[in-house]
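Notes follow the structure.
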Amino acid sequence: MFKKILIANRGEIACRVIKTAKKMGIATVAVYSEADKDARHVELADEAVLLGPAPSRESYLVADKIIAAAKQTGAQAIHPGYGFLSENEDFARRVEEEGLVFIGPKHYSIAAMGDKIASKKLAGEAQVNTIPGHNQPIESPDEAVAIAHRIGYPVMIKASAGGGGKGLRVAFNDKDCHDGFTSCRNEARASFGDDRVFMEKFVESPRHIEIQVLGDAQGNVVYLWERECSIQRRHQKVIEEAPSPFISEATRRAMGEQAVALAKAVKYQSAGTVEFVVGKDQSFYFLEMNTRLQVEHPVTECITGLDLVELMIRVAAGEPLPFKQDEIRREGWAIECRINAEDPFRNFLPSTGRLVKYQPPETSMEAAGEARFGVRVDTGVFDGGEIPMFYDSMIAKLIVHGRDRDDAIAKMREALNGFVIRGISSNIPFQSALLAHPDFRSGDFNTGFIAQHYGSGFHAEDVPHDDPDFLVALAGFIRRKAREREAGITGQLPGHEVRIEHDYVAVVSEGQGSFRRYPLNITEYVGAQGEALIHVGAEGADGVEGRGQAPGGGKSYRIVSTSRLNDTRLFGTVNGRPFVAQAERGTPRAPLAYRIQHNGRAIEVTVLSPRAAELHRLMPYKAPPDTSKLLLSPMPGLLVHIAVQPGQLVQAGERLAVIEAMKMENILTATQDVKVAEVLAKVGESLAVDQPIVRFE
């Protein structure tokens, strides 16, 4: 067994490999860029070596530097993680030629299956069903359009070396195809150093289901069941689960056997994934093989009880697989949510910066295979750390293991409620909405689920809550608790002491100077036990009609919580049912308001006395400044292209600028016909959120 390994990666996957290596008694070496000098994986490893500047092409993608770091530190093997050089045939060969061990498949397997064009040819020769397409590199946008006509729209344009949703577009017409080809090629060149692009027919209403395979040097190959990965946005997986709620046992077995046959054909050693597109009739077609560890591997670990990273290391050291196909268990149900640094309410634009507060939910599954039916968090960040603009947007992976699918969904919703992230935006509200959607809960979805239900964007009203008045009641509970503390302060002026009222009005902001008002009546408060009975009156009522009685058919909530006032996370029960919620005092617009979050829904609410609520109605609304004549940067990022110049007339839909952030190109287009007055930013400039780029007349 190895005594020391180097992890040629960063973020959560580097931390994940380090955790298993330490469990096995193996020393670890981290590599890092200048942007990652204070990163968590650097702190966790036994040693760390600086590779170079922040851009990955000058650090994590430089094979010579990584191999030199391994030799310098005496590492015997290199684990590539996923992304970066993990599926680079030349890197795997170089590692072997330098006398080191590549903890992954052999370079010839990567060459055969890592290249999507070559893998489709090989699959066809092996009589594996493949999707119709053009499996040769396409040289120009015009050629792409001509090929699309032969195949028939819709088509999928894909980078041959792509992965993780990079270098991939779906085209429904000539314009989509022309623009999509250019963007795919640019993204592929920037992310993988390989700008070859091919095309295939896009199968409508498909499921994306993948089979985890594992092979050793002795020729043994097994499959570790499947993962359902159909919940995707822009072809980037958002939620993964194992097993699939869709396929039958017969389909499961047939897909597994084909995946094993394909892996054996290329003498596959290590962990890998064979991806399929599955039709409504459970017919399935080979898509590609990922010759590396997948982001979503934890859900497989949960249902099998296996540590895939440990198995990869043992196989790379020459050990045979310790089990046969019929010995692999499948127990319970696992779900993974990718927690990303992006703002779902602003079309999922990247969000970078400092994690002012990072508190993941409590976990009970710290390492793979050691516990069942709990919560696990895989992450590469920490409280106070930075989310840099140079890499992907993942903050953490939240994984739960339940006894069945309903149990897993319930566990995940509670874990999301307890996941605290401040300083940057995250997609947690979106994940909560997906989990609550009736089609997701029933298992009736495909890869077009998000486009179908959130095609016009994601908005606050898209986050369902089965009892939104509970959030108002919780704000009242916190306010009552705060008044109790204020009343106990010594040294108060006689006759002017803080009085504890029973009647309040909750003023809920709806933005743009609009509010909803709810009368509150709080009785039976027992401070020592953290218990109160809160009556929430009907929306829009001006007062409380009688002590202890909610007017207009309001609701009553008995809330019990011993959480402190300064705790962001609140644990307790409401009407006897347990809950986890988040609450904070003060927002930029309203320093006296509370921000309450539960099940993805967030409200800004100020709890006032009835008299203060009357005065609040008289407060004028200050409208934000008019920015309609400015093109503002919607995210932090690098301005890589400006498509307009002063005096130019631009039509709605035309390209204005391109911003690169987190390895993705983001094209900004005109929303109406305008004339450019002035260009305010320069190509190559690092932009802040809402920084002006172009001014219109």
**Item:** Selection count, segment 401-443, where residues are in contact (Cβ under 8 Å) with a residue 24 or more places away in the chain, closer than 20 Å to Gln582 by Cα and of a type outside the set (Ser, Thr, Tyr)
**Value:** 24
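Just a yes or no: is a residue in segment 622-629 of a type in the set (S, T, N, Q) and more than 29 Å from Val420 (Cβ to Cβ)?
Taking every residue of segment 622-629 in turn, at least one turns out to be of a type in the set (S, T, N, Q) and more than 29 Å from Val420 (Cβ to Cβ).
Please go through segment 18-31 and pick out each residue that is in a strand (DSSP E or B) and buried (at least 22 other Cβ atoms within 10 Å of the Cβ).
Residues satisfying the conditions are Thr28, Val29, Ala30, Val31.
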**Message:** Return the pair list, or none, for Cβ contacts closer than 7 Å from residues in segment 588-600 that are modelled with pLDDT under 85 to residues that are assigned to a strand (DSSP E or B), at least 6 apart or on different chains.
**Reply:** Ala590/Ser509; Ala590/Glu604; Ala590/Thr606
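Val472: over 28 Å from Asn427 (Cβ atoms) and either at pLDDT 85 or above or of a type in the set (Val, Ile, Thr) (or both), yes or no?
No.
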**Request:** Could you tell me which residue of segment 387-424 is surrounded by the fewest Cβ atoms within 10 Å (Cβ to Cβ), considering only residues that are within 19 Å of Gly83 (Cβ to Cβ) and over 14 Å from the mean Cα position of the chain (by Cα)?
**Result:** Pro388
**Matching residues in segment 329-388 - criterion: being of a type in the set (Lys, Arg) and not in a loop (DSSP other than H, G, I, E, B)** = Arg338, Arg346, Arg354, Lys357, Arg376
**Message:** Could you tell me how many of the residues in segment 32-55 are out of contact with any Ser or Thr (no Cβ under 8 Å at 6 or more places or on another chain), within 15 Å of Tyr391 (Cα to Cα) and of a type in the set (A, V, I, L, M, F, W, C)?
**Reply:** 2
**Prompt:** In segment 443-452, which residue that is under 18 Å from the mean Cα position of the chain (by Cα) and surrounded by fewer than 19 Cβ atoms within 10 Å (Cβ to Cβ) is farthest from Cys229 (Cα to Cα)?
**Reply:** Ala451
**Message:** I'm checking my understanding of the structure. Among residues of segment 423-435 that are at pLDDT below 95 and either in a helix (DSSP H, G or I) or of a type outside the set (A, V, I, L, M, F, W, C) (or both), which one is nearest to Asp567 (Cα to Cα)?
**Reply:** Gly423
**Request:** Return the residue satisfying two criteria in turn: it lies in segment 219-238 and is part of a loop (DSSP other than H, G, I, E, B) and not polar (S, T, N, Q), and of such residues it is farthest from the chain's Cα centre (by Cα).
**Result:** Gly219
**Message:** Between a residue in segment 253-268 that is buried (at least 21 other Cβ atoms within 10 Å of the Cβ) and any residue that is part of a helix (DSSP H, G or I) and not small (Gly, Ala, Ser), which pairs come within a Cβ distance under 6 Å, given they are 6 or more apart or on different chains?
**Reply:** Val266/Met113
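Okay, residues lined up against (1) in contact (Cβ under 8 Å) with a residue 24 or more places away in the chain; (2) surrounded by 22 or more Cβ atoms within 10 Å (Cβ to Cβ):
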site	(1), (2)
Gly52	no, no
Ile78	yes, yes
Phe91	yes, yes
Ile110	yes, yes
Ser119	yes, yes
Glu125	no, no
Thr130	yes, no
**Request:** Answer yes or no as to whether Ala111 is modelled with pLDDT under 95 and either part of a helix (DSSP H, G or I) or outside the structural domain of Gly74 (by TED's automatic domain parsing) (or both).
**Result:** yes
**Message:** Looking at Ala92, Ala68 in this structure, which one is of a type in the set (A, V, I, L, M, F, W, C), out of contact with any helix residue (DSSP H, G or I) (no Cβ under 7 Å at 6 or more places or on another chain), modelled with pLDDT of 95 or more and not in a strand (DSSP E or B)?
**Reply:** Ala68
**Candidates Ser609, Ser633, filtered to the one that is among the small types (Gly, Ala, Ser) and either free of Cβ contacts under 8 Å to residues at least 12 places away in the same chain or within 20 Å of Ala688 (Cβ to Cβ) (or both)** = Ser633
**Asked** Do we have Val574 as surrounded by 10 or more Cβ atoms within 10 Å (Cβ to Cβ), touching a residue at least 60 places away in the same chain (Cβ under 8 Å) and farther than 30 Å from Leu434 by Cα here?
**Response** no
**Message:** Against the conditions (1) at pLDDT 95 or above; (2) closer than 30 Å to Arg354 by Cβ; (3) in a loop (DSSP other than H, G, I, E, B), where does Ala75 fall short? Just the number, please.
**Reply:** (2)
**Request:** Would you mind listing the strands (runs of 3 or more DSSP E) fully within segment 619-697 where at least 2 residues are under 26 Å from the mean Cα position of the chain (by Cα) and polar (S, T, N, Q)?
**Result:** 664-669
**Fill in**
Per the filter on segment 398-451, residues in contact with a Pro (Cβ under 6 Å, 6 or more places away or on another chain) and β-branched (Val, Ile, Thr) are Ile399, Thr447
**Asked** Since Val278 meets every condition but one in (1) within 22 Å of the chain's Cα centre (by Cα); (2) of a type in the set (Val, Ile, Thr); (3) at pLDDT below 95, which condition does it not meet?
**Response** (1)
**Prompt:** Can Pro344 be described as over 26 Å from Ile7 (Cα atoms) and either under 19 Å from the mean Cα position of the chain (by Cα) or of a type outside the set (D, E, K, R) (or both)?
**Reply:** yes
**Message:** Against the conditions (1) buried (at least 18 other Cβ atoms within 10 Å of the Cβ); (2) not assigned by TED's automatic domain parsing to the domain that holds Ala506, where does Pro646 fall short? Just the number, please.
**Reply:** (1)
**Prompt:** Got a number for residues in segment 374-420 being farther than 18 Å from Thr568 by Cβ, acidic (Asp, Glu) and at pLDDT 95 or above?
**Reply:** 4
**Prompt:** What are the residues in segment 436-465 that are part of a loop (DSSP other than H, G, I, E, B) and under 30 Å from Gly572 (Cβ atoms), if any?
**Reply:** His437, Phe458, His459, Val463, Pro464, His465
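Yes/no matrix, rows are residues, columns are (1) modelled with pLDDT under 95; (2) out of contact with any strand residue (DSSP E or B) (no Cβ under 7 Å at 6 or more places or on another chain); (3) within 23 Å of Glu310 (Cβ to Cβ); (4) assigned to a loop (DSSP other than H, G, I, E, B):
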{"position": "Ser205", "(1), (2), (3), (4)": "yes, yes, no, yes"}
{"position": "Ile209", "(1), (2), (3), (4)": "no, no, no, no"}
{"position": "Ala217", "(1), (2), (3), (4)": "no, yes, yes, yes"}
{"position": "Glu240", "(1), (2), (3), (4)": "no, no, yes, no"}
**Hey, Ala35 outside any strand (DSSP E or B) and modelled with pLDDT under 95 or not** = yes
**Item:** Qualifying residues in segment 1-31 (those that are among the small types (Gly, Ala, Ser) and more than 26 Å from the chain's Cα centre (by Cα)) - the one farthest from Met389 (Cα to Cα)
**Value:** Gly25
**Item:** Enumeration of residues in segment 43-65 that are assigned to a loop (DSSP other than H, G, I, E, B), over 26 Å from the mean Cα position of the chain (by Cα) and of a type in the set (A, V, I, L, M, F, W, C)
**Value:** Val62
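The values are calculated or read from the model by the stated rules, or taken from the named source; none is laboratory data. Owing to the predicted nature of the structure, the values given are computational and were not obtained by experimental measurement. Note that we place each Cβ from the backbone using ideal geometry, even for glycine, and neighbour counts take in every protein chain shown.
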